[in-house]
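Note sheet for the following structure.
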Amino acid sequence: MNILKQASLRLRLVKLKRFFGSLFYPLQRDYLERPFRNRQILEAIEKTGNIEKAESTKRGGHFYFKDIELEICFLSAELVQVDWRPGIPPIPYAISRHDWPEVEVIFQEKENFWIVSSSELKVIVYADGSLEFQNRSGKILRKELPPQRQVKLLRQIKSQDWVHQAQLRPEEHIYGLGERAAPLNLRTPSNVQGEARIYRMWNYDAGGIYKPGTDPIYLCIPVYLSLNQEGSYLIFYENSFPANFSFQNLAVAEFEGGALRYYFTAGSPDQLLERYTELTGRPPLPPRWTFGYHQSRWGYEKEAALREAVKGFETHDIPVTAMHLDIDVLDGFRAFSIDPDRFPHISELAEELTAKGIRLITIINPGIKADRKNKLFQEGRAQDVLCKLPNGEPAIAPVWPGLSAFPDFTNPQARHWWSRQYEYLLDLGITGFWHDMNEPGVFVLWGDPSLAPHSTWHFLEGRGGDHSEAHNFYGLLQAQAAYEALCEYQPQRRPFIVSRSGWAGLQRYAWTWTGDIETSWAGLRQTIPTVLNLGLSGIPYSGSDIGGFKGNPSAELYLRWFQMSCFMPFCRTHSANNTKPRTPWSFGEPTLSIIREFLRLRDRLMPYFYTLAWEASQSGHPLVRPLFWADSKDSRLWNVEDAFLLGNSLLVCPIVEEGATSRTVILPQGHWYNFWDHTLLAGGTEVNLEAPQDQIPILVKAGSILPMQVGQQLILHLYPPMEKDCQGAVYSDAGDGYGEWRLDKFQMRRNSKNLELSWEEQGNYAFPYESVQLHLYGFVAKQTWVDGTEVNYQGKVLECKRFRQVRFEGI
């Protein structure tokens with residue numbers, strides 16, 4: 001029997017075992033979970049009652065009810081932590097900052113309420129436990145009802161669930177909650193009858209395909225942002241237990257365990273993200289190459305198939321910076337393995353790709369084949385770092401390798417052990433990793449495709465707890481282990497990890513993607529609000545499988561999806577193994593040529609992307625932003641979910657309707673230039689824009705200095721403000737590592753007849769460009785001076801070297 005037949009036989013056996021596992025595992029799960037289901041003999045709702053005692057603390061106040069306690073703690077003047085007890089205190093996996101400077105807090109006792117305030121916020125605590133949040137001018141931002149506890153007794157097991165409610169204004173809009181296949185405004189009713197949508201907090205494997213309205217999906221985060229007439233605020237619940245959120249007349253959060261701890265801050269959307277990521281961590285600056293184009297497919301079954309795809313990019317002159325390997329590369333689908341028959345020369349392949357400027361990315365799944373012959377399984381069992389059943393045995397469930405065990409990432413020893421496994425693949429030349437199936441997902445014929453929530457036990461940093469608490473942490477902690485491994489083994493490189501699942505704080509370690517979205521125009525439309533809400537949840541780096549995961553897009557759908565994705569942080573084509581080949585040249589002309597030009601445009605925009613990434617590392621701002629980011633007071637922008645901002649300068653209007661060659665968009669305030677023909681448009685209006693097959697509408701905000709590159713030349717596109725000043729910047733470094741850097745800061749000043757551009761340099765990294773070119777729009781100059789010397793300026797382009805000041809005198 002030849003090698004291929006042997007491999008085919010092994011694959012059939014694995015599939016057979018996987019099928020029986022998906023049958024028997026849910027039977028075992030349902031048996032073990034019986035004590036927690038349908039045995040309820042008592043349920044009661046406990047109300048807070050009235051405050052019996054109140055006292056000031058260094059950062060706020062402590063309030064005592066009959067059976068409940070409330071603590072108000074100002075971490076800063078703009079950020080307040082609210083704790084209702086009792087309940088299992090959260091392990092601070094999501095929290096990055098713990099050392100907060102002192103803040104001046106005033107504690108005032110009134111007749112029937114107390115005021116705890118900083119210089120920026122007031123928290124009013126009423127005797128019945130209701131809370132009111134005001135800004136420093138006294139505007140009411142949020143009113144909360146007294147929380148309720150639902151006490152349930154299941155046989156001998158007592159659980160206490162928190163229900164938290166707040167009033168919503170009629171016009172109030174809600175955003176965030178992580179990754180959602182929902183409208184941008186999460187308060188949008190689910191049907192014409194006006195029923196509220198229910199958002200589940202439980203990271204969930206969508207089973208190979210999902211569509212708009214599917215809930216939950218892979219990456220749920222209990223954080224949301226509110227916009228209303230009085231301003232905007234953000235709430236983050238530090239509770240990983242399963243929960244349901246809904247937004248109708250009330251914002252309701254129902255947690256199935258844990259303590260009720262949450263954080264409140266108010267301000268503009270950019271301020272909210274700054275404070276939230278100050279708490280949960282800022283994203284590190286990724287390598288520059290990550291903003292290139294990535295190609296992936298479940299179906300590159302052999303080295304030859306991958307080499308053929310790479311050759312296609314060379315033949316068709318399509319830029320690509322990364323090739324991703326799916327489970328085809330694994331030996332028997334086992335984690336941290338390479339199939340020696342399918343990929344016998346993986347190290348040489350990685351070296352060849354690196355020489356071409358292409359990085360090799362491979363998949364990692366957390367399931368460990370439960371086999372005595374599997375060294376990884378035996379190690380995990382010996383070191384006691386696996387998730388367990390109540391009897392102490394490893395929790396076993398079916399995934400790709402068959403019956404598998406799962407690392408308990410809530411155990412620091414498990415994270416350390418897991419992190420050591422990456423060294424082997426790094427030594428082979430693998431540059432980055434994408435984590436899949438890490439909700440964690442398992443194969444079942446019915447029920448929840450995950451580990452049993454109550455009968456799977458976790459270490460949880462030594463205090464112990466079940467999977468209902470640990471589940472949503474799982475992908476976050478796997479990403480942490482990987483990030484620490486890459487930092488240790490390759491300290492001269494910045495890690496690149498893409499994780500399908502995660503929780504609050506994932507931005508510190510990994511990017512994400514929107515998973516198995518369906519191949520349809522509806523799937524394309526859904527991608528925009530999904531990515532926007534991820535960004536508003538602190539996850540700035542995401543994108544979708546271009547064309548959808550499962551299905552065969554038409555040339556038009558693939559093209560329009562690709563055009564949109566060229567302005568997303570993560571630009572990757574990926575598809576299932578039962579789809580037609582999906583590469584830019586698979587659709588013939590003119591699709592191929594149009595995609596080539598859009599990828600070249602993305603490459604020219606690299607200074608802009610990279611500078612936005614640096615800004616995200618400093619501020620936590622997402623790269624892709626909703627239109628209301630530019631003007632949160634304009635309520636017309638609150639529901640715009642088919643367009644987005646890339647940074648503050650570019651407004652991108654994808655084509656999301658079949659056959660469309662134009663579209664409308666409501667412009668934020670100010671003035672906007674059409675990127676293609678430089679037409680000036682007035683903001684605050686709805687405009688109709690042409691969108692032929694080879695374009696999508698892109699607008700540039702007046703007052704922008706848009707950096708682009710062609711080869712070794714930096715091109716600054718100058719879109720002068722109508723009045724006053726504007727700023728821009730270009731961040732540069734070696735593109736990887738942690739060496740020297742530079743920040744080139746530009747300022748444009750305009751008066752009635754003159755336009756001045758000044759340049760300030762910071763940092764020690766050498767200027768990476770050989771020359772500079774200025775493109776000027778919306779201003780006609782008759783004379784031009786560079787550092788005081790008059791130069792010949794013709795047309796709208798000025799060639800020059802580095803300068804301190806350029807002055808244009810208008811006609």
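The values are calculated or read from the model by the stated rules, or taken from the named source; none is laboratory data. This is a predicted model, so every value here is computed, not measured. Note: ideal-geometry Cβ built from the backbone for every residue, glycine included; neighbour counts use all protein chains shown. Just so you know, the surface numbers come from the protein's heavy atoms only, side chains and all, with ligands and any DNA or RNA stripped out. Shrake-Rupley method; radii C 1.70, N 1.55, O 1.52, S 1.80 Å.
Things worth noting here:
- Only a single criterion out of (1) modelled with pLDDT of 95 or more; (2) outside any strand (DSSP E or B) is not satisfied by I72, namely (2).
- Meets criteria (under 22 Å from the mean Cα position of the chain (by Cα), under 30 Å from G739 (Cα atoms) and open to solvent by less than 50 Å² (accessible area, probe 1.4 Å)) for G432: yes
- Among the residues making up region 712-736, those that are modelled with pLDDT under 95 and open to solvent by 20 Å² or more (accessible area, probe 1.4 Å) are M722, E723, K724, D725.
- In region 372-384 there is no residue matching the filter, namely being in a strand (DSSP E or B) and open to solvent by less than 30 Å² (accessible area, probe 1.4 Å).
- Cβ pairs under 8 Å, 6+ apart, first in region 88-99 and on the phi < 0 side of the Ramachandran plot, second in a loop (DSSP other than H, G, I, E, B) and of a type in the set (S, T, Y): P90/S240; I91/T410; Y93/S240
- Residue in region 737-771 that is most open to solvent (accessible area, probe 1.4 Å), counting only those that are among the small types (G, A, S) and assigned to a loop (DSSP other than H, G, I, E, B): S752
- Summed over region 769-811, the residues that are at negative phi, small (G, A, S) and out of contact with any Leu (no Cβ under 9 Å at 6 or more places or on another chain) give a count of 0.
- Given (1) outside any loop (DSSP other than H, G, I, E, B); (2) polar (S, T, N, Q); (3) over 24 Å from T315 (Cβ atoms); (4) open to solvent by 10 Å² or more (accessible area, probe 1.4 Å), number of the condition S586 does not satisfy: (3)
- Considering region 88-119, and only residues there that are open to solvent by less than 60 Å² (accessible area, probe 1.4 Å) and within 13 Å of Y262 (Cα to Cα), the residue that is farthest from the chain's Cα centre (by Cα) turns out to be P90.
- The single condition among (1) farther than 30 Å from V223 by Cβ; (2) touching a Pro at 6+ places or on another chain (Cβ under 8 Å) that W561 does not satisfy is (1).
- Qualifying positions in region 505-530 - farther than 15 Å from P284 by Cα and either in a loop (DSSP other than H, G, I, E, B) or in contact with a Cys (Cβ under 8 Å, 6 or more places away or on another chain) (or both): W513, T514, G515, D516, T519, S520
- Matching residues, region 534-583, being without any contact (Cβ under 8 Å) to a residue 60 or more places away in the chain, surrounded by 24 or more Cβ atoms within 10 Å (Cβ to Cβ) and farther than 28 Å from L612 by Cα: P553
- Here E439 clears all of (1) farther than 27 Å from Y489 by Cβ; (2) acidic (D, E); (3) open to solvent by less than 10 Å² (accessible area, probe 1.4 Å) except the condition numbered (1).
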